[in-house]
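Data first, discussion second: the structure below is written as structure tokens.
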Amino acid sequence: MDKRIPEAEPYAQLFVEFQNSEKKFLTLERSLAGGDLAAHQVRIASIKGTGKKIVPSRSGKSQAKDVTAILFEFAGIGEAKLRKNNRGEVQRLTIRTMLPVILVDEISVIDERSPVLGDSSFDTTARKRAFAYMLSGKDDTGIVTVERKDIANARRNAQLGIISDLLSPIEERLQKQFAKESDESIDKIEEAIGALSESLADRSQEREDIEAGRRAAIANQRKAESQIVAIDELLTQYRLLDDRYRTDLARLDFIAEGAHFFDGLQEVKCPLCDQLMSPDHAHRASESSQSIYQAARAEAAKILAHRADLIAATESLNRRRVARETEASDSLAAIEYADSRIKEVLAPTMQVDTQRLESLINRRVELEAIRSDETQASSLRQMKDQIENATGDGKAPSKEWEPLPSKALRAFCAEVERILAEWKWKGDGRVEFDQSAYDIIVDGQSRRSHGKGVRAVLYSAFVIGLLKYCKANQRPHLGTIIIDSPLTSYKKGKSGGAPDSPIDAGIEAAFWRSLAKFGVGAQLIIIENKEPPSDVATAVHYEWFAGENAQSGERVGFIPTASRL
């Protein structure tokens, strides 16, 4: 601490105890020599251990727990973002931003400055937005930040450089095109491509049909040739069988003729027994020539019948062979026609059409590339003109930000009106809010235009009215106000005259009486050189600092002296 206080010399630690509406306690501890703080979730008398370490304030992108985070959490206030400038940049809501409406020192209470803005010189916008947040409960999360002018200019220059780099090769390519084709020529090429594609599809379909017919002809040819081979094999077998039938018939003719002449032969000796072969010789065949002849004829008749069937079968096979040969010949002709059609007609035609189609497609790609270059060049030139015009203008468009919520503002002013009525304000007590000065106007006269005493009363009414409004509407507020010397500037005398002349003394008495009816759920701390009436002192928590002439049992000052501990 820069300022040394003799009464603080015996002490090493500072403790501040808080209690919220849920009857919970929070104690902040800090060394008088400086450094970080410690948070205890108990009363001072119940502290044990070192507590949870917290920093006085955050810096940069730190997410460490600081005094604001601890106290806001204890008071039920969430993290909030406030706009801090016209570009839409935001900052975190802190206790420092809310100080003018929760901690009013003896200079500020009579000052002409706004109760919302205080002595701010750099965070005016943030304090305005903090007041709006307390009225509506809505912060500035989600606002899109507008770039700074120098950054925006640098970005535009970079964009112009990129556009120039992109535009240069495109324009160079366009300059090399001696004749620019129109969209109509591309359409004609599209029509030609469509016609060629259709022709190729037809030729391809015809070729597929011919190939299918060729495959069927080959299959028929192979089937006919295989059947011819089988028929030839059967005919060969039939010829062998016919030869056998012919041989058998010849043999039977020989047997029949031999039997006829057998009876006319002379007697001969039996080759077995060397006896003459008489008709009843044991070794002589029993059959007569007649029976042999008949048997031979019967056998020959059967062979002739089989031979007739064989001839009919052979003729049938020959007819089938001729039919298969015809099928094979027709199939071979179909194959030769298919090969000739594909080789001499379809293949050359499709090759020519394919080459023409490739040429047309390549030309279409070239024309489309030219058209694409022209479109890109036109788009890039337009973007370049827009950026150059924006850069040449040099003026950022003015931003229209949401005003203070009128309904909430009226409710807040009504709360201040009730307080002034309770304090016996002389006049109608009609309160309005001046959004240009961020201060109140009472009965058509701004607060700053009054004397010091009236300014102090109206400042006090402002912050107390804001506290009551926030509590009644569940808006963010710490729930505590400290006001230093709101009544000290009052002096008895004649009313009227100069701006600093005293006002009716009834306001002071009504002010003291209102403290006894302040209610619970919030805390109002008044530091005043004047003593309140005895009934008020009894009704509220009253502390009197007797100073250096304090008697036994009396408190000397805010810091107890070591001798009185």
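Here is a yes/no grid of residues against (1) farther than 30 Å from Val345 by Cα; (2) within 42 Å of the chain's Cα centre (by Cα); (3) modelled with pLDDT under 85; (4) surrounded by 14 or more Cβ atoms within 10 Å (Cβ to Cβ):
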site: Ile151; (1), (2), (3), (4): yes, yes, yes, no
site: Arg156; (1), (2), (3), (4): yes, yes, yes, yes
site: Leu160; (1), (2), (3), (4): yes, yes, yes, yes
site: Ile170; (1), (2), (3), (4): yes, yes, yes, yes
site: Phe178; (1), (2), (3), (4): yes, no, yes, no
site: Asp183; (1), (2), (3), (4): yes, yes, yes, no
site: Ile186; (1), (2), (3), (4): yes, yes, yes, yes
site: Ile189; (1), (2), (3), (4): no, yes, yes, yes
site: Ala201; (1), (2), (3), (4): no, no, no, no
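Of the residues making up region 297-311, those that are closer than 18 Å to Leu235 by Cα and out of contact with any helix residue (DSSP H, G or I) (no Cβ under 7 Å at 6 or more places or on another chain) are Ala308, Asp309, Ile311. Beta carbons closer than 7 Å, at least 6 apart along the sequence or on distinct chains, pair a first residue in region 360-376 that is of a type in the set (Val, Ile, Thr) with a second that is surrounded by 14 or more Cβ atoms within 10 Å (Cβ to Cβ) for Ile361/Ile193; Ile370/Gln177; Ile370/Glu181. Only one entry in Ser378, Ser372, Ser406, Ser331 is crowded, with 16+ Cβ neighbours inside 10 Å and hydroxyl-bearing (Ser, Thr, Tyr), namely Ser331.
Restricting region 430-471 to residues that are surrounded by fewer than 18 Cβ atoms within 10 Å (Cβ to Cβ) and small (Gly, Ala, Ser), the residue that is farthest from Glu528 (Cα to Cα) is Ser436.
To keep it simple, each residue is scored yes or no on (1) in the same structural domain as Arg30 (by TED's automatic domain parsing); (2) basic (Lys, Arg).
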residue: Asp66; (1), (2): yes, no
residue: Ile70; (1), (2): yes, no
residue: Asn85; (1), (2): no, no
residue: Ile95; (1), (2): no, no
residue: Met98; (1), (2): no, no
residue: Ile110; (1), (2): no, no
residue: Arg113; (1), (2): no, yes
residue: Ser120; (1), (2): no, no
residue: Arg127; (1), (2): no, yes
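Highlighted here are the helices (runs of 4 or more DSSP H) found entirely within region 29-148 that include at least 2 residues which are of a type outside the set (Lys, Arg) and farther than 22 Å from Gln523 by Cβ: 124-136. Annotation note: of Gly429, Gly444, the sole residue that is at positive phi and out of contact with any helix residue (DSSP H, G or I) (no Cβ under 8 Å at 6 or more places or on another chain) is Gly444. A single member of Thr97, Thr124 is closer than 30 Å to Thr488 by Cα and free of Cβ contacts under 8 Å to residues at least 24 places away in the same chain, and it is Thr124.
The values are calculated or read from the model by the stated rules, or taken from the named source; none is laboratory data. None of these values were measured; they are calculated from a predicted model. In this analysis, Cβ positions are derived from the backbone assuming ideal geometry, glycine residues included, and neighbour counts consider all displayed protein chains.
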